1. Mind ranking 193-199, 121-127, 159-165 by how tightly packed they are, going by the mean number of other C-beta atoms within 10 angstrom, highest first?
2. Is the shape of region 228-283 rounded, prolate or oblate, going by the alpha carbon gyration tensor and its root eigenvalues a ≥ b ≥ c, with a/c under 1.5 for rounded and a/b larger than b/c for prolate?
3. So how do 237-247, 273-283 stack up, highest first, on mean other-Cβ count within 10 Å?
4. Tell me whether region 132-187 comes out rounded, prolate or oblate; compute the Cα gyration tensor, take square roots of the eigenvalues as a ≥ b ≥ c, and use a/c under 1.5 as the rounded threshold.
5. Which whole-angstrom value gives the distance between the alpha carbon centres of region 142-170 and region 287-314?
6. Based only on other Cβ atoms within 10 Å, what is the fewest-to-most ordering of 662, 586, 154?
7. With a ≥ b ≥ c the root eigenvalues of the C-alpha gyration tensor of region 49-199, is it rounded (a/c under 1.5), prolate (a/b larger than b/c) or oblate?
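What follows is calculated from the coordinates using simple rules that are stated; it is not laboratory data. For clarity, every value in this text was computed on a predicted model and none was experimentally measured. Positions of Cβ are backbone-derived with ideal geometry, glycine not excepted, and every protein chain shown enters the neighbour counts.
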């Protein structure tokens with residue numbers, strides 16, 4: 001019999017910021033399969049795609065038979081399930097929503113009618129009255145209307161298996177308030193018949209299925225945690241299957257504050273073990289199975305936060321069962337802790353990734369020259385955090401480098417010409433802020449910061465380039481200025497990570513003008529680095545795009561100014577600008593976000609420092625704030641990614657400077673976008689900072 005924890009390498013568990021509980025099914029005698037058909041592994045960070053409101057459960061399976069994992073998401077508030085069909089690059093088609101019973105809380109995927117196509121079952125709670133909704137799959141990613149079956153009171157979880165050994169898939173549902181498990185025996189045609197409820201311990205909050213006594217029959221286990229019972233201790237109830245849909249019960253202690261349950265063979269003896277998240281004990285309780293449904297030996301694995309959810313799987317493909325844990329109900333600075341198994345019932349120290357406070361800005365670069373995209377982020381914690389990429393969408397432990405107070409925007413460049421990427425961060429201060437540069441050592445670590453003064457208290461936009469042609473990287477900065485609202489300076493680099501005093505060498509723009517959104521590039525083809533800025537006045541009108549042509553000595557002259565009045569709504573959104581070649585004529589073009597009007601304006605470069613346009617393109621966002629450009633669909637043409645309020649829009653480039661209709665992923669607010677190959681597959685991926693302290 002194939003054990004739960006020894007899955008094939010492609011059977012990996014899909015994890016989000018809150019871990020997913022994966023159900024396993026015993027389909028026919030002796031065949032144990034994961035009913036959620038797990039897909040990719042996301043240990044640190046996560047990818048966001050729009051679903052319904054208050055999503056409560058997730059399953060991964062191939063619903064359309066194309067060999068790619070799809071997603072099903074239960075939406076508690078909307079009384080729906082969202083289906084997101086998987087694409088080859090690891091993204092998903094926009095959700096299609098199907099109604100369920102009221103308040104779906106859990107779900108499982110399996111073939112309930114024996115047609116070889118996956119179906120769905122959701123467990124629903126409407127004011128405590130439980131039901132199961134069956135959605136029969138059509139095999140193409142669509143589903144028929146749901147059919148409901150009444151079950152117990154306040155149901156909490158569901159698993160699928162063949163409990164009576166007739167070759168048809170059955171269901172088991174844990175009922176919290178009834179202290180019971182409801183068994184629904186499948187008829188093999190997508191319909192079910194109810195059996196008498198099976199009694200378990202007080203308040204079953206989770207349920208799993210496995211073979212706990214090695215007889216080839218599907219058993220059940222519930223985690224029972226009565227949070228309001230002063231005299232009832234938490235337990236696990238093991239229900240050993242007789243093979244006819246009935247069970248015999250054995251209870252065991254479950255610690256003092258259990259909240260999460262996982263099963264697997266943690267010591268490699270061929271017997272099923274149990275892991276329990278002990279929330280207030282800051283630990284996992286591992287119960288080693290005796291092969292008869294009892295657990296005489298136990299061990300404790302400490303973690304550094306309140307664990308509430310736990311999942312078992314072989315995450316590093318060494319044939320040993322590992323654990324991953326997260327905290328769902330407590331505000332903690334850890335997303336997920338990975339605990340690798342030693343194969344003997346013991347575990348390595350947990351590995352946590354902490355992204356700290358809400359990222360103010362971040363950049364992606366290969367900091368340790370291993371060919372993987374690494375992460376650097378700054379927050380209002382007076383530090384820079386480095387997370388080294390593992391090449392599979394995961395990042396290693398965070399390394400913190402102290403900075404001065406008030407970290408601002410950041411960028412990556414080689415400021416001392418040693419071939420290793422360095423980091424520059426704008427720091428606020430009084431009376432003046434600083435540019436802090438941390439020189440990279442080439443191994444993912446950095447030297448102590450070198451500080452160069454700004455001309456005012458803070459900079460809120462910076463860009464790098466060689467503005468005087470001496471081969472050393474300089475910085476241009478937009479800074480706050482109480483007399484004229486904002487100013488524009490250039491700090492010429494000394495080639496060692498320090499800079500000369502800031503100099504304002506630009507034609508006067510006028511008082512009361514805000515400067516925003518810097519972009520650097522050679523706009524007139526003379527080999528010198530020019531600049532483009534977005535401006536608007538205090539009233540949010542007369543918005544403009546100004547192009548400054550470099551004189552090659554660190555000074556600039558204004559070439560042209562372009563009006564975009566009426567396209568922006570700056571009180572809602574500060575505009576930004578990006579330079580790229582959108583029509584493949586080897587001349588740089590510009591794109592500018594249009595704030596509250598949900599637009600992007602594209603200016604086509606003439607190659608002489610002037611531009612045609614703007615041409616506005618709608619997005620699917622209520623407010624646009626940030627831009628990235630890359631070939632996201634592999635057709636050799638530059639596309640645009642627009643981030644902002646409620647998500648990100650992709651505008652596919654046509655290769656002639658025009659763009660197709662936007663493709664949206666919604667449900668979060670983006671403050672920064674960056675492009676890198678996060679999984680080393682040669683394709684451009686997109687990352688962003690989101691508004692609740694995480695990265696997408």
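1. Output ranking for 193-199, 121-127, 159-165: 159-165, 121-127, 193-199.
2. Judged from the Cα gyration tensor, region 228-283 comes out oblate (a/c at least 1.5, b/c at or above a/b).
3. Per-residue mean Cβ counts within 10 Å order the peptides as 273-283, 237-247.
4. Oblate.
5. 27
6. 586, 154, 662
7. Oblate shape, in that a/c is at least 1.5 and b/c is the bigger or equal ratio.
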